[in-house]
1. When only Cα pairs under 8 Å and 6 or more residues apart are kept, what is the percent relative contact order across chain B?
2. Going out from 0 in 5 Å bins, what whole percent of all Cα-Cα distances in chain B drops into each bin?
3. Quick check: pseudo-label points 7 Å beyond the Cα along Cα→Cβ at residue B:116 and residue A:128, how many nm apart are they?
4. Counting only C-alpha contacts under 8 Å and six or more residues apart, can you give the relative contact order of region A:194-326 as a whole percent?
5. Order of B:168, A:205, B:9 from fewest to most other C-beta atoms within 10 Å?
6. In degrees, nearest 10, range 0 to 90: what is the angle between the Cα axis of helix B:188-201 and the longest Cα principal axis of chain B?
7. Could you calculate the contour length gain from residue B:60 to residue B:218, that is, 0.36 nm times the residue separation minus the distance between their Cα atoms, to one decimal place in nm?
8. Compute the angle between helix B:238-257 and the longest alpha-carbon principal axis of chain B, please, reported from 0 to 90 degrees and rounded to the nearest 10.
């Protein structure tokens, strides 16, 4: 059986239609056009604001933007300049909520065998990727540019993409969904590093167990040595951790990074322990080893040779582990589209492009992307970021340049638009665009 | 608030368009400004959750009636199709558009006293008429060539509060060949269900000019499963049209006698049949 169902599933509303090629869903608003979920209605209206989705555009933008719409909002004659911008300078910043090691900083990120971006850094509980950008879109060969464009388009339109990181993990990323790393869906973000976890939960462990080790690729915490343990009068246990000690009860590099316990490569937590110190340890001493998300946990008791042996975890301690898990947020993959509005796009909006830039900087003009709020980078130009999940589905398109097409709206009072050198002759009342 | 909900005045500034997924309502209220505002707010509030409620029970709603259902709209759908399910296959989905219109209108009437109001859900319409008032509705008999072919006047003293139209070229599938079957009934949901059943019966089984395909070959999730639905109807002779209309009209007569509907107009390729016993109410006339 090599028959592949060419239907696509629409997720624009909870009906979740399966749509056959060339057909529309139950609403007649979304269609399956050659396997791509496509809007069939020309414009999307959000309340009293028209959005640029479906407005169409010309490239380069020497003509006025396709729709310059005037609407009466709270007595102020508002102007919304609507265009779909073509962005050669654009990309996506991806935040993957995981402590698992995805790849080294600067490692290439590939999609379909082509380099589409790289690993940038780690943020708290997350790994950061940068995909696309002008060098990948137009600077490194035709095939690479096309694959980069496809990858960005899929991600920005809310779809899932498979990315493989050089000498690292393979992951499936989709905005607003849990990342799937080497085939395993990530469940939880860690509540904090190992040391922070000790600080947060030490109270709950008191009286239930003699020692706690929170295994973490960044900082592994040891209760009896940690400041939090000292304050609670936890006795020394003679534990020895194989790692680089930072401050009391905090260890770096207990293992290599990986997809095992707490973002390390270990599956047997006892391998980070050295022999217990005979002067402080005693047979019968109890120990909890747990990861920073509570997803991995083990309970051990020292035998007569002071070697930790696994035992069934007492119920109150299992509850304490569950508390760690409950305090972890669901792991998500988030995607910010980032792009710069160039000179030609701005001239579609006004006859004096720099005045538009200045007006945006001065917050006279409100910029939105498909109706969603954007963050404008300080400095020159109009470089913005937007959370792709805030846009209506399939708001992004592409041109073969390759470049992404994204909606962008500039909203300002009519008088300000006139002052900016706006295309006043092309202003149309909202009702005329909307039709009966 | 439901972020998918699209709310906008139509160009005339009198009719409110409220849309969520496949639910497309045009609502108009004739009342004091205050009552109108309260009613429309109630309509929007009700619409903010209707689609979610329906989708929670969608798999049951796509199965043959009767079904045990929880949501108020789902129950309206089930109630509307109950009288038909013993004799023929029908799912609650046959009444979905009408049931949503009824539900939203009920929410509006609970919020404010209104003189007249209608909720038009893609042609399936729920009406409210205070004593002494009436509505005139236009009728389109060929969905693929929409024009006003006839009009229909409904007075407050008639039992009619719902109008629905079904046909093979409309948004939903039909097992029959009627271009349009417009039904009036006590509720929009009842009219919706009956129009579906009557339109299915307007048929010429085995006729070579009629193309059919399994419903799931077009919409994999159709409640009609692999039943053959009409995909095209070639030219028919006058007697063939009359024959098809006659089987549909016979079923409509039964429904009328049983009190399930208050009237029906059936159309196949510019030929029509009217079924009703309230000539005063349904002054159904050809438009000039």
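1. Values: 661 pairs, mean separation 41.7, N = 288.
Reported as a whole number, the value is 14 percent.
2. 1, 6, 12, 17, 19, 17, 14, 9, 4, 1, 0, 0
3. Once both label points are built, they end up 6.3 nm from each other.
4. Working: 281 pairs, mean separation 31.3, N = 133.
Reported relative contact order: 24 percent.
5. Numbers: B:168 28, A:205 24, B:9 13.
Listing B:168, A:205, B:9 from fewest to most nearby Cβ atoms yields B:9, A:205, B:168.
6. 10
7. Details: separation 158, 0.36 × 158 = 56.88 nm, distance 2.06 nm.
Separation in residues times 0.36 nm, less the Cα-Cα distance, equals 54.8 nm.
8. Between helix and principal axis, roughly 50 degrees.
No value in this document is a laboratory result; all are computed from the given coordinates. Values in this document were obtained by computation on a predicted structure and should not be read as measured data. Cβ sites come from the backbone with ideal geometry, for glycine too, and all protein chains shown count toward neighbours.
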